[in-house]
Amino acid sequence: MDLMTPQQARGVLSTPGRLVPFLFSFAVYAFAGITVPLMLLFAGGWFLPKTVDKGPHLSAVPAVAIDLVLLALFALQHSGMARPAFKAFITRWVPEALERTIYIIGVCLVMWVIMLAWQPIPHVLWSAEGAVGIALDIGFWIGFVLVYAATLLLNHFHLLGISQAYRQYVIQVPDATVDRLQVNGVYRLVRHPLMAGLLVSFWFAREFTVGHLVWALGLTGYILLGTYLEERDLIARFGASYRAYAAQVPAFFPSVRSILGRSTR
């Protein structure tokens, strides 16, 4: 983001109508900064007292029913709030610069509901030790890092809503986000690195329970559907450029061709 001048800093500090919306956006950004890593650790079964694999739970049948409802809530929130009709509705009540912030609030709140209400189903499907267990652990952390790398390449601050509020209320310049096709960095290897990172973090676990399978299958299905719809939008926006890019670069996991082809350029 562009740095503010001393004059802009004084202006925003002395004007509640500018300061309060920006602080609100910043607070939501911080909330997301806590929620996203906790969600990934929850999904991977790392460190937390309750995870997708362990914690207080009901018997299997009601546990599965509750978990499916929670996954449906996730899909409904993500899909519903991302639709143009919802964006048009919400901007009747809040400034356009805060629309993404409202979306991020919805994402975080739903994730907290899921983490708190999730019903582990602790029957173990596999438990890996030794080299296999280490490889699965490494895979999870690669996925964890990939999620953050992808957001940085996608314009991290814009993705989480703070850039829009900063430009509107602090430096008071139009949003300068350019609608361009991102093909650099990890995007040279896969078209959807953020989704690839999530998929890896969901599936790579040295201990994998039935509850973990419900989580991974449900969110994988949503990711595949969401990516299909996103690809249609990208083709509509970028046309032949995106088709050519998609013909060369895999969607989620790099191929030998993509790795060798890109490394020689």
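What net charge do the residues around L224 carry, taking every other residue with its C-beta under 12 Å from that of L224, with Lys and Arg at +1 and Asp and Glu at -1?
Overall, the nearby charge balance is -2.
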Might you tell me the accessible area per residue for the stretch 110-176, computed with a 1.4 Å probe and given in Å²? 48 Å²
Between A117 and F157, what is 0.36 nm times their sequence separation minus the Cα-Cα distance? Round to one decimal in nm. 11.5 nm
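Once neighbouring chains are kept in place and the probe is 1.4 Å, which whole percent of the accessible area of the stretch 6-261 is contributed by carbon and sulfur?
Of the solvent-accessible surface of the stretch 6-261, carbon and sulfur hold 72 percent.
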Computed, not fitted: 222 nm per-residue ellipticity of the chain from DSSP H runs ≥ 4 (each -39500 (n - 2.57)), nearest 500, equal to -21500 deg cm²/dmol
To the nearest 10 degrees, how steep is helix 99-117 against the longest Cα principal axis of the chain, on a 0 to 90 scale? 30 degrees
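Multiplying the sequence separation of A65 and W126 by 0.36 nm and subtracting their Cα-Cα distance, what value in nm do you get?
19.7 nm
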Would you mind computing, in nm to one decimal, how far apart the modelled labels at I134 and L38 are, each placed 7 Å from Cα along Cα→Cβ? 3.3 nm
Bin all alpha-carbon pair distances of the stretch 21-162 at 10 Å intervals from 0 and give each bin's fraction as a whole percent. 10, 32, 34, 18, 5, 0
Check: C-alpha center the stretch 152-196 vs C-alpha center the stretch 61-118, spacing in Å is 21 Å
Fully extended, how many nm does the chain gain between E96 and E230 (0.36 nm per residue separation, minus their Cα-Cα distance)? 46.0 nm
For the chain, I need the span (max minus min coordinate) of the C-alpha atoms along each principal axis, in Å, sorted largest to smallest. 59, 49, 34
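Evaluate the charge dipole of the chain about its Cα centre and quote only its size in Debye, nearest 20, assuming +1 on the Cβ of each Lys and Arg and -1 on the Cβ of each Asp and Glu. Could the numbers behind the result be given before it?
Details: 19 positive and 13 negative charges, 134 e Å.
Around 640 debye, computed over the chain.
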Bins of 10 Å, starting at 0 and running to the largest distance - Cα pair percent for the stretch 121-162: 24, 30, 24, 20, 2
With a cut-off of at most 11 other beta carbons within 10 Å, and DSSP calling the residue loop, which trypsin sites (Lys or Arg not before Pro) in the stretch 72-108 qualify? Please list them. R92
Folded to 0 to 90 degrees: helix 130-153 orientation relative to the chain principal axis, Cα: 20 degrees
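The values are calculated or read from the model by the stated rules, or taken from the named source; none is laboratory data. The structure displayed is predicted, hence computed values, not measured ones. Please note: Cβ atoms are built from the backbone with ideal geometry, for glycine as well, and neighbour counts cover all protein chains shown. Just the protein is used for accessible areas: all its heavy atoms, side chains included, with ligands, DNA and RNA removed. Shrake-Rupley method; radii C 1.70, N 1.55, O 1.52, S 1.80 Å.
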